[in-house]
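The values are calculated or read from the model by the stated rules, or taken from the named source; none is laboratory data. In this text the structure is predicted, and so the values were computed from the model without any measurement. Cβ coordinates were reconstructed from backbone atoms using ideal geometry, including for glycine residues, and neighbour counts include every protein chain displayed.
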Amino acid sequence: MCGRYSFAPDLKIVNEHYDITVTDGDIQPNYNCAPSQLLPVITNENPGEMVLFRWGLIPFWAKDSAIGNKLINARSETITEKSSYRNAFRRRRCLVPADAFYEWKSMQGQKEKIPFRIYLPDQLIFSMAGIWEKWKSPDGKTVNSFSIITTSPNELMAEIHNRMPVILPQSSEKQWLNSDNEHDLLELLRPFPSQKMSAYRISSLLNSPANNSKEIIQPL
């Protein structure tokens, strides 16, 4: 599962990484990205622009937007089978920019889980593989939403949790957006190399989405 992440990088780095132009008015630093928030993504429909979509996929056939609260993650192993995800996987894919993601580790003998920050030491930002949808509410309003694809954990993540988000190598980002080959797309949905990742324990401030400051990412 991936239930929280952060995206608060230098905008110059963002623009260089994605070859786009983002300004201070387009996005704000977010150290505690949480489900139901409007968060930056880059879609296959408009790869030259960063847009804000709601985290929590609302399938086009849904009767109620509340379903999105349960569809924040799509499992890579069943993405072509589940009715909530298969259409989006084939037609509407996106990059979900991040500079880290968070996960909680269960500790033997402790009731509360311990939060960890997971990041790429040699890469200031990265893209998680996502899918997106357009949904029309009964009153005619269009809601754009997305889900992050997860996969089995690598060696590092296995010590923390049994799932992890699909992190795309930068060289594969355009392929994720543009390819029509289902086999090639599925090949991208694999665990990121553990030797390129690091993790450290952080404060339980993360537990509340209301907390959103640099204090969250300080090592404990």
Problem - Residue within segment 199-219 that is out of contact with any Cys (no Cβ under 6 Å at 6 or more places or on another chain), surrounded by 12 or more Cβ atoms within 10 Å (Cβ to Cβ) and within 21 Å of Glu77 (Cα to Cα) present - result: no
Exercise for the section: Can you work out which of the residues in segment 198-220 that are in contact with a Ser or Thr (Cβ under 8 Å, 6 or more places away or on another chain) and assigned to a loop (DSSP other than H, G, I, E, B) is modelled with the highest pLDDT? Expected result: Gln218
Practice task
Could you tell me whether segment 2-19 includes any residue that is assigned to a strand (DSSP E or B) and in contact with a Ser or Thr (Cβ under 8 Å, 6 or more places away or on another chain)?
Solution key: no
Problem - Filter result (surrounded by 21 or more Cβ atoms within 10 Å (Cβ to Cβ) and in a loop (DSSP other than H, G, I, E, B)) within segment 161-190 - result: Val166
Handout entry: Residue that is nearest to the chain's Cα centre (by Cα), among those in segment 140-152 that are surrounded by fewer than 18 Cβ atoms within 10 Å (Cβ to Cβ) and either of a type outside the set (Gly, Ala, Ser) or part of a helix (DSSP H, G or I) (or both)
Key = Val143
Handout entry: Per-region count, segment 36-60, residues polar (S, T, N, Q), part of a strand (DSSP E or B) and touching a helix residue (DSSP H, G or I) at 6+ places or on another chain (Cβ under 7 Å)
Key = 0
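Per-residue answers, yes or no, for (1) surrounded by fewer than 17 Cβ atoms within 10 Å (Cβ to Cβ); (2) under 22 Å from Gly140 (Cα atoms); (3) modelled with pLDDT of 95 or more:
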{"position": "Cys2", "(1), (2), (3)": "no, no, no"}
{"position": "Ile27", "(1), (2), (3)": "no, no, no"}
{"position": "Gly48", "(1), (2), (3)": "yes, no, no"}
{"position": "Ile58", "(1), (2), (3)": "no, yes, yes"}
Practice task
Answer yes or no as to whether Ser147 is polar (S, T, N, Q), at pLDDT 95 or above and closer than 30 Å to Lys63 by Cβ.
Solution key: yes
Problem - Every pair of residues 6+ apart whose Cβ atoms lie under 6 Å, when the first sits in segment 67-93 and is more than 20 Å from Pro35 (Cα to Cα) and of a type in the set (D, E, K, R) while the second is modelled with pLDDT of 95 or more and not in a helix (DSSP H, G or I) - result: Arg86/Thr80
